[in-house]
Amino acid sequence: MNQTDLPLPCQYFVTLDNGITLHYLDEGPLTDNATADHSQTVIWLHGSGPGASGFSNFKGNYPAFSQAGMRNLVLDLPGFGRSDKPEDVRYDLDFFVTCLNGFIQALKLGPCVLLGNSLGGAIALGQALAHPETVSKLILMAPGGVEERETYFAMEGIRRMVEVYGQGPMGVHEMREVMSLQLFDSSQLSDDILQERAAVAVTQPANLFSTMMVPNMTRRLDEIKVPMLGFWGSNDLFNPPAGVFKFLDNAPDARFILLNRCGHWVQVEHQQMFNQSCIDFLRQTA
């Protein structure tokens with residue numbers, strides 16, 4: 001079954017002021033937005049791999065947060081999942097932050113938790129810098145935005161992803177070839193994930209990756225004052241693991257877990273540890 005056919009529970013669409021319609025899941029306790037404390041509302045921001053979506057990236061994680069009493073807004077970024085995929089925009093950090101901030105305003109959320117993997121981590125950083133009043137805490141998994149573009153494109157995983165994507169539509173075989181590099185143990189890569197992502201990849205605009213520009217925000221990390229929990233795999237082939245120390249050296253309130261035998265997808269590769277560590281962090285810093 002393709003993701004586009006999946007009967008996802010509690011799914012919604014919202015149209016922003018810029019005309020972009022975003023798809024998201026809303027799982028966990030619902031709140032009265034007029035009076036709610038949104039500090040335990042988590043917005044999930046996925047990465048930029050072909051065919052990515054919020055459900056595909058985080059389906060093994062957000063249910064545990066929901067069971068712990070947290071509201072979870074699992075977002076499909078523009079250009080991904082079931083959200084709009086315009087062909088006439090530049091998919092740079094400013095565009096993604098504009099859409100994320102529009103989403104937060106449209107749902108009338110107060111300061112909330114941003115949880116982001118890879119590109120999603122960079123967007124979380126961009127939101128915290130541009131609109132600090134909207135963010136209560138950050139959870140980051142191998143976040144982008146702390147290296148120059150040339151450094152990322154020298155990584156084996158990104159080089160191979162660009163090469164395969166450039167050869168034409170990605171089926172399940174091509175998706176496996178790329179995504180096996182995301183995991184230290186590629187046997188954890190299920191056929192369901194590959195099928196879900198292949199179904200989305202064929203719908204994505206040609207300009208999505210060519211216009212995806214994210215600046216190096218390392219020098220501005222000291223401006224982010226909220227508590228921050230991060231994860232990185234020492235075997236990551238997409239984002240250099242040394243990025244951990246950029247956060248520890250610059251962000252005022254950061255703690256990171258560096259894992260061996262782990263690639264780019266800590267939330268999949270070490271699911272139980274990830275879920276519990278995040279829940280403990282959110283409870284302890286409430």
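Here, each number is a calculation from the coordinates, and none is a lab measurement. Here the structure is a predicted model, which is why all the values come from computation and not from measurement. No Cβ is skipped: glycine too gets one built from the backbone with ideal geometry, and neighbour counts run over all protein chains shown.
Just to confirm the filter: which GluC sites (Glu not before Pro) across the stretch 187-286 are DSSP coil and have at most 12 other Cβ within 10 angstrom of their Cβ? Let's see the in-between values first.
On the way: sites: 196, 223, 269; in loops: none.
Here no loop site has a sparse enough neighbourhood.
Given H placed on each backbone N at 1.01 Å, which residues far from residue 257 in sequence or on other chains put an amide H within less than 5 Å of it?
Under 5 Å from the amide H of residue 257 lie the amide H atoms of 230, 231, 232, each far enough along the sequence or on another chain.
With unit charges on the beta carbon (Lys/Arg positive, Asp/Glu negative), name the residue among 198, 58, 113 whose Cα is farthest towards the positive pole of the charge dipole of the chain.
113
Which value in deg cm²/dmol, rounded to the nearest 500, describes the helix-derived mean residue ellipticity at 222 nm for the chain, given -39,500 (n - 2.57) per DSSP H run of n ≥ 4 and division by the residue count? Display every interim value, and only then the final one.
Details: 12 runs with 101 residues, N = 286.
It lands at -9500 deg cm²/dmol.
Classify the chain as rounded, prolate or oblate from the Cα gyration tensor: take a ≥ b ≥ c as the square roots of its eigenvalues, call it rounded if a/c is under 1.5, otherwise prolate when a/b beats b/c and oblate if not. Let's see the in-between values first.
Values: a/c = 1.31, a/b = 1.14, b/c = 1.15.
It is rounded, given that a/c, with a ≥ b ≥ c, falls under 1.5.
Mind giving me the nanometre distance, one decimal, between the label points for residue 273 and residue 245, set 7 Å out from Cα along Cα→Cβ?
Output for this residue pair reads 2.1 nm.
Please check which bits of the stretch 60-77 a label hung off residue 192 would reach, taking the label as a point 7 Å along Cα-to-C-beta and the cut-off as backbone N under 15 Å.
Answer for this model: 60-64.
State which entries of 59/246; 108/137; 85/225 exceed 24 angstrom in Cα-Cα distance in the structure shown. List each step's numbers first, then the result.
Numbers: 59/246 29 Å; 108/137 18 Å; 85/225 33 Å.
Among 59/246; 108/137; 85/225, the Cα-Cα distance tops 24 Å for 59/246; 85/225.
If you count the DSSP beta bridges with both ends in the chain, what percent of them are antiparallel, to the nearest 5?
On the way: 9 of 34 bridges.
Looking only at bridges with both residues in the chain, the antiparallel portion is about 25 percent.
Report the charge-dipole magnitude of the chain in Debye, nearest 20, computed about the Cα centre from +1 at each Lys and Arg Cβ and -1 at each Asp and Glu Cβ.
Details: 19 positive and 31 negative charges, 78 e Å.
Charge dipole, the chain, about its Cα centre: 380 debye, nearest 20.
Charges at C-beta only: +1 for Lys and Arg, -1 for Asp and Glu. How large is the resulting dipole of the stretch 62-208 about its Cα centre, in Debye rounded to 20? Spell out each step's value before the answer.
Working: 11 positive and 18 negative charges, 96 e Å.
Rounded to the nearest 20 debye, it is 460 debye.
Go through 153, 267, 102 and say which Cα lies farthest out towards the positive end of the charge dipole of the chain; charges sit on Cβ, +1 for Lys and Arg, -1 for Asp and Glu.
267
In the chain, if the dipole is taken from +1 on Lys/Arg beta carbons and -1 on Asp/Glu beta carbons about the Cα centre, which of 164, 91, 240 is farthest to the positive end?
With unit charges placed on the Cβ atoms, the residue in question is 240.
Under 14 Å from the 7 Å Cα→Cβ point of residue 210, by amide nitrogen: which residues of the stretch 82-123?
Residues passing the 14 Å test: 87-91.
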